[in-house]
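Undergrad: Dropping the structure in here first, questions after.
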Amino acid sequence: MFQRILLRQAQAARSVATRTSSAPLAVRRTSQLPQTFRPLVSQPAFRSYSTENQAEQKKDAESKEATEDPVQKELEEKKKEAADLKDKYVRSVADFLNLQERTKRDMDNARNYAIQKFAADLLESIDNFDRALLAVPKEKIESPSAENKDLNELVTGLKMTQNILMSTLGKHGLERFDPDELTEEGKPQKFDPNRHEATFMAKAEGKENGDIMYTQSKGFILNGRVLRAAKVGVVKND
């Protein structure tokens, strides 16, 4: 019986030696280490931890989205909508004011220059009054007598008609200007290309370059706009 026990122990020892020699080197070394130094976590356990971490992060993100306040989200949308409506309102008001000013300006121009064509057609008739008055010698007007009484009355009537006509046109903004009139300093008027049209240029003693020396026809202004420039002769001594 004692021999049987020894035989079984020998067979068990051989079996353990065979399994140990056929196992990989890393496994044998690990098995030979004390229980204290053996690894507690293997590689598959690490992979499982990484996958679980990603799943938890995804779950947290989904729960965060789910917990967003729908009232706050709707409030932000309403704020954007209100800002867009305000911008459209401000633009509409600006466009309306521009249209209002443009319409007012067009109406003022239409009212101020409505008689422009009519007044331009009358200018030649007004000039004829001047030509008729200039045709009468000044000495006959300045020294009235019984012989030229009728002529003086005719001249007086022409002047009255001319004054009434100019007064009526003046109520509608038409005014006449005479380049022969002296300035406030008592000097001849200077040539202004915006108001005068030079028909000729000549030398004139005692006058400066650019002075108006002769007026062929007077000019007219309609509500501040030159309707017809005055035709003048200008001094050029150079």
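The values are calculated or read from the model by the stated rules, or taken from the named source; none is laboratory data. Note that the coordinates shown come from a computational prediction; the quantities given were computed from them, not determined experimentally. Don't worry about glycine lacking a Cβ; one is built from the backbone with ideal geometry, like all the others, and counts go over all protein chains shown. To get the accessible areas, we keep the full protein, side chains included, count just its heavy atoms, and leave off ligands, DNA and RNA. Shrake-Rupley method; radii C 1.70, N 1.55, O 1.52, S 1.80 Å.
Undergrad: Over all pairs of distinct alpha carbons, what does the Kirkwood formula give as the hydrodynamic radius of the range 181-225, in Å?
TA: Hydrodynamic radius (Kirkwood, Cα pairs) of the range 181-225 is 12.0 Å.
Undergrad: Let me ask something else about it. Please name whichever of Phe96, Asn109, Leu227 sits farthest to the positive end of the charge dipole of the range 80-238, dipole taken about the Cα centre and charges placed at Cβ: Lys and Arg +1, Asp and Glu -1.
TA: Phe96
Undergrad: With a 1.4 Å probe and every protein chain left in place, tell me how much accessible area Leu134 has, in Å² to the nearest 10.
TA: 140
Undergrad: Okay, next question. Could you look at the range 121-177 and say what percent of its accessible area is carbon and sulfur, using a 1.4 Å probe and all protein chains? Show your work: numbers first, answer last.
TA: Numbers: 2230 of 3970 Å².
For the range 121-177, the apolar C and S fraction of the accessible surface comes to 56 percent.
Undergrad: Taking a 1.4 Å probe, which of Val136, Val93 shows the most accessible area, and what order do the others take after it?
TA: Solvent-accessible surface, decreasing: Val93, Val136.
Undergrad: Apply the Karplus curve 6.51 cos²θ - 1.76 cosθ + 1.60, θ = phi - 60°, to the phi angles in the range 204-217 and return the couplings in whole Hz, x for Gly and Pro.
TA: Listing the rounded values in order: 8, 6, x, 10, 8, 4, x, 6, 8, 9, 7, 10, 7, 8 Hz.
Undergrad: Compute the Kirkwood hydrodynamic radius of the range 79-238, taking the inverse of the mean of 1/r over all pairs of distinct Cα atoms, and give it in Å to one decimal.
TA: So the Kirkwood estimate lands at 20.0 Å.
Undergrad: Over the heavy atoms of Ser167, what accessible area does a 1.4 Å probe trace out, to the nearest 10 Å²?
TA: 70
Undergrad: On a 1.4 Å probe surface of the protein chains, which of Tyr113, Tyr89 comes out largest in accessible area, and what is the full order?
TA: Tyr89, Tyr113
Undergrad: Another question about this same structure. Would you mind calculating the gained length between Glu205 and Ala55 on full extension (0.36 nm times residue separation, minus the Cα-Cα distance), in nm to one decimal?
TA: Full-extension gain reported as 43.1 nm.
Undergrad: Pull out the extension gain between Leu182 and Leu151, defined as 0.36 nm times the separation in residues minus the alpha carbon to alpha carbon distance; nm, one decimal.
TA: Residue separation times 0.36 nm, minus the Cα-Cα distance, leaves 8.2 nm.
Undergrad: So what's the gap between the Cα centers of the range 192-210 and the range 82-138, to the nearest angstrom?
TA: The distance from the Cα centre of the range 192-210 to that of the range 82-138 comes to 31 Å.
Undergrad: If you don't mind, there's one more thing I want to ask. Just to check I understand the Karplus step: with θ = phi - 60° and J = 6.51 cos²θ - 1.76 cosθ + 1.60, what whole-Hz values come out for the range 221-231, glycine and proline as x?
TA: Going residue by residue, I get 10, 10, 6, x, 9, 5, 7, 8, 6, 6, 8 Hz, with x marking Gly and Pro.
Undergrad: Under the rule of at least 5 residues apart or a separate chain, name every residue whose amide H is placed under 5 Å from the amide H of Thr215.
TA: Gly233
Undergrad: Take every DSSP beta bridge with both residues inside the range 175-237 and express the antiparallel ones as a percent of the total, to the nearest 5.
TA: Looking only at bridges with both residues in the range 175-237, the antiparallel portion is about 65 percent.
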